[in-house]
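Coordinate-derived values only; no laboratory data. None of these values were measured; they are calculated from a predicted model. All Cβ positions, even for glycine, are placed from backbone atoms using ideal geometry, and neighbour counts span all protein chains on display.
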Amino acid sequence: MFGRATEVSQFNELLVTGQHVKGMRLFDQVSKDPALCNLVLDSVVMSNANQSDPSLHTPHGLQTTNAARSMLAISGFPAGVPLLRFITLYSFSLRKRGLSAEDVRIKARSLPVLPDPVAALHAAFAAGDVGVAGAVLARIALDGGIPAAAHAVLRYTLYDLGKLGHHFALAVSFLEAAQALGLPRGLLPIANLGFFLAESMKGIRPIDIPPLDAAAVAPSAPRLAEAVETGAFDAVEDQIRALLAARRTDDAVRPLLVAASADPGFLGHTLILAHAIRRAAPFLEPAENFHLFWKAYRTLVSRFGYPEFLRLGPSPAVEREAVMSALRASLQHKTPPAEVTLRQALEAGVPLDEVLGTIVNAYGHWTVGEKEHTIALLGAAVETARCGCRSDASIRTLYGAGRVRARDAGPGPPLLRRGLRAVHVLPEPRPPTRRTSSDRFDSDWFQRSGPVPRGPRRGSPLGVDARGRGERRAFERRPRLLGTARRAPFCQRPRAAPRREGFRP
């Protein structure tokens, strides 16, 4: 046992130094034990909580890790090992801070006694003081626990949720990691959350959140669902106020989750934000939740309710094993469609957790592009499907998890249809090759010369029309002109730095 614990410690050091070759070789040895897999997952969470990249306004490393963590809880061992391996390899590609939980604890303990820590934290956020914000937030967590720190930081994010809700969703992801790790290890993601919010929300002015008035109606979840479907927003406001005053946050957010599952938004940001609102509601007061919920109901989605064609019908006369075989096949091939097999499995009485586990297990064998949004969307869909009653969860499974599926695209690589765009997916057994497109898109133009062919691109180019469902158009990439300057001879170009072992993010 002592030897295996030493292997985990060595794996932690390799995560810090970025030696991915040795790290993945050691992972293949350690991942055979389910108990050690949990330790590896905690190490990945701790490592990704230290993500730091000046070129990224909103890092998605911890959101991706938390989504994979929730899916691994469904998948189990050994089916979830491929997904765990994927998220571990992904961790090596992230830039990290040289910070530890013990460093954060020492810095937080060294602060003088603050008469109002929450006011000091909000002042540090507004001033953009990164170091003070991280230390004060960690001190609040040490003195009052993670819920106290969560309330203080989420209250400030209500002043500006950010573009596509990035500020709020980012805060929720770091708080989830802190809860999963517990104190004192959870101080590391809490301090990094203070760093990020001080950088991204500098200069945000506070807003007044009035206290919640007394409810004029009796709280009723069915009445709220009926009111949003008919568009009676006066009744919606009254029901939200009544449900939140009774602290029935899940009943208040359920119609919003259903609507967000029907339309996940660009790269799934709508569903991810709705899921973050549900996760953050227990940390906020009823008045703060009402401010957040009422804004989300008015601006986040445009349609509410269940489409009639997706309601489950009677049980089909098909054997259960045949239905599950069709479901596994639809997650990797073009036919039959995943919506049909998901419907058949749920109508046949297959438990929801078994259906979700099948989706996660099939997903773990793929190597995907734009993995941050893909895994975060699938994690939000899976968690949304598990909350609430069975009928709601079944429909949301058809909407959310059914949109994230692998399909065969003929002679080229398969496609992962995700919201409004298509992302190229390569199964692991196949070589990661791709046909070179025409010179019109895959070439650089130099003055007084012709096109210079390039290698295959990684991911979609900038300028893809999101409304076009992924097809390429003539204005995707314009010719890049280098002006009148001519290229220097090869002998005069600076030599590239020697490559080190490990990724350079």
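What number comes out for the charge environment of VAL104, summing +1 per Lys or Arg and -1 per Asp or Glu over other residues with Cβ under 11 Å away?
Net charge in that neighbourhood comes out at +4.
Quick one: the Cα spread of region 1-155 along its three principal axes, in angstroms, biggest first?
Answer, in whole Å and largest first: 51, 33, 29 Å.
Residue by residue through region 108-118, which ³J(HN,Hα) values in whole Hz follow from phi under the Karplus form 6.51 cos²θ - 1.76 cosθ + 1.60 (θ = phi - 60°), with glycine and proline marked x?
5, 5, 7, 6, x, 5, 9, x, 9, x, 5
Hey, how many Å between the Cα centroid of region 26-89 and the Cα centroid of region 137-157?
Their Cα centres are 25 Å away from one another.
Just add up the charged neighbours of ALA245: K/R +1, D/E -1, any other residue whose Cβ is under 14 Å from the Cβ of ALA245.
With Lys, Arg at +1 and Asp, Glu at -1, the neighbours total -3.
Give the long-range amide H neighbours of LYS96: residues separated by 5 or more places, or on another chain, with amide H under 5 Å away, using H modelled in the peptide plane at 1.01 Å from N.
SER52
Roughly speaking, what is the stretch gain from ALA235 to LYS295, that is 0.36 nm per residue apart minus the C-alpha to C-alpha distance, in nm to one decimal?
20.1 nm
Please sort 187-195, 319-327 by packing, taking for each peptide the average over its residues of neighbouring beta carbons within 10 angstrom, highest first.
187-195, 319-327
Can you work out ³J(HN,Hα) from phi for every residue in region 261-266, in order, using Karplus 6.51 cos²θ - 1.76 cosθ + 1.60 and θ = phi - 60°, giving whole Hz and x for Gly and Pro?
5, 5, 9, x, x, 5
Please sort 91-97, 374-380 by packing, taking for each peptide the average over its residues of neighbouring beta carbons within 10 angstrom, highest first.
Highest-to-lowest ranking by the protection proxy: 374-380, 91-97.
Would you mind checking the pairs LYS32/LYS107; LYS107/LYS202; LYS32/LYS163; LYS32/LYS96; LYS96/LYS202 and listing those with alpha carbons more than 32 angstrom apart?
As for pairs spanning more than 32 Å Cα to Cα, those are LYS32/LYS107; LYS32/LYS163.
Which cross-chain or sequence-distant (5 or more) residues have an amide H under 5 Å from the amide H of GLY128, H modelled 1.01 Å from N in plane?
GLY203
Given an 8 Å cut-off on Cα distances and at least 6 residues of separation, report the relative contact order of region 1-148 as a percent.
20 percent
Dipole magnitude of region 28-187 about its Cα centre, charges +1 at Lys/Arg Cβ and -1 at Asp/Glu Cβ only, in debye to the nearest 20?
140 debye
Which of the peptides 51-59, 262-270, 209-217 is most tightly packed, and how do the rest follow, going by the mean number of other Cβ atoms within 10 Å of each residue?
262-270, 51-59, 209-217
How far apart, in nm, are the 7 Å Cα→Cβ label points at GLU285 and ALA218?
In this crude label model, GLU285 to ALA218 measures out at 2.9 nm.
Restricting the calculation to Cα positions, tell me the Rg (one decimal) and the Dmax (whole number) of region 134-202 in Å.
Here Rg and the maximum Cα pair distance are 10.9, 33 Å.
With +1 on each Lys and Arg Cβ and -1 on each Asp and Glu Cβ, how big is the dipole of region 154-276 about its Cα centre, in debye rounded to the nearest 20?
Using Cβ point charges on Lys, Arg, Asp and Glu, region 154-276 gives about 480 debye.
Could you calculate the contour length gain from MET24 to ARG205, that is, 0.36 nm times the residue separation minus the distance between their Cα atoms, to one decimal place in nm?
60.6 nm
May I ask you to give the average projected area over all directions of the convex hull of the Cα atoms of region 181-236, in nm² rounded to one decimal?
If you wrap the Cα atoms of region 181-236 in a convex hull and average its projections, you get 7.8 nm².
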